[in-house]
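The structure appears below as structure tokens.
The values are calculated or read from the model by the stated rules, or taken from the named source; none is laboratory data. Because the structure is predicted, anything quoted here is derived from the model rather than measured. When we count neighbours, we look across all protein chains shown, and the Cβ atoms used for this are built from the backbone with ideal geometry, even at glycine. The area values use the complete protein model at the heavy-atom level, side chains included, leaving out ligands, DNA and RNA. Shrake-Rupley method; radii C 1.70, N 1.55, O 1.52, S 1.80 Å.
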Amino acid sequence: MNDIADNCMDAGGRATQGAAAEVESRLEQRPAVTELIPHTGDMVLLERIIDYDEQGLTAELVVRGDGLFGDDQTVPAWAGIEYMAQAIAAYVGVKAKQANEPIRMGFLLGTRRYNSNVAAFKVGATLTIRVNKIMQDDGLGVFECRILGEGVDVAANLNVYRPPLNNA
């Protein structure tokens, strides 16, 4: 079950009053990935936004075998950095939409402590990416990121930069 639905369940796993309406309302409010990030075409790697809040965002993707980063069997685990960066871009995109600002380009400055329990992701595997803001100030941001899937556990901190609106 996803985060949206989990928030509408009591301790016994039963739906709370009004839960169905709340889930439906929040699901309708989830924007499409393409509305949130400056990427287009094959470079859009995330498939859907699962949930977001003030501190972060959760997204999902199915590993593609189109040769963009790997082959028809696997994608190297280092491509997870791009999955994480796009999830951060989607989070920043949500915040921009809430502030009625345009979706803008940002930059990945670096990655710290990239730890993966796999060397590659299997094509067709479903991965969930969660990014949590640690710090964001004057266009600089640090995010704690996690990729989870069947047999997959990847963690890293990403440093990002988004220029001021007047310089975009």
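Considering every residue within the stretch 83-92, establish whether at least one is aromatic (Phe, Trp, Tyr) and either open to solvent by 20 Å² or more (accessible area, probe 1.4 Å) or farther than 20 Å from ASN159 by Cβ (or both).
The first filter runs over the stretch 83-92 and keeps only residues aromatic (Phe, Trp, Tyr), leaving 83, 91.
Then keep just the ones that are either open to solvent by 20 Å² or more (accessible area, probe 1.4 Å) or farther than 20 Å from ASN159 by Cβ (or both); that gives none.
Checked the stretch 83-92: no residue is aromatic (Phe, Trp, Tyr) and either open to solvent by 20 Å² or more (accessible area, probe 1.4 Å) or farther than 20 Å from ASN159 by Cβ (or both).
Going by the structure shown, is GLY70 closer than 22 Å to THR40 by Cβ, open to solvent by less than 80 Å² (accessible area, probe 1.4 Å) and free of Cβ contacts under 8 Å to residues at least 60 places away in the same chain? Yes, satisfied.
Checked against (1) touching a residue at least 24 places away in the same chain (Cβ under 8 Å); (2) open to solvent by 60 Å² or more (accessible area, probe 1.4 Å); (3) over 26 Å from GLY124 (Cβ atoms), PRO38 passes all but a single condition, namely (2).
Select, from ILE49, ILE81, ILE4, the only residue that is in contact with a Leu (Cβ under 8 Å, 6 or more places away or on another chain) and modelled with pLDDT under 85. Quick ask: steps written out before the conclusion?
On the way: ILE49 fails: modelled with pLDDT under 85; ILE81 fails: modelled with pLDDT under 85.
Every option except ILE4 fails the conditions.
Counting the residues of the stretch 120-168 that are within 26 Å of VAL63 (Cβ to Cβ), loosely packed, with under 13 Cβ neighbours inside 10 Å and in contact with a strand residue (DSSP E or B) (Cβ under 7 Å, 6 or more places away or on another chain) gives 1.
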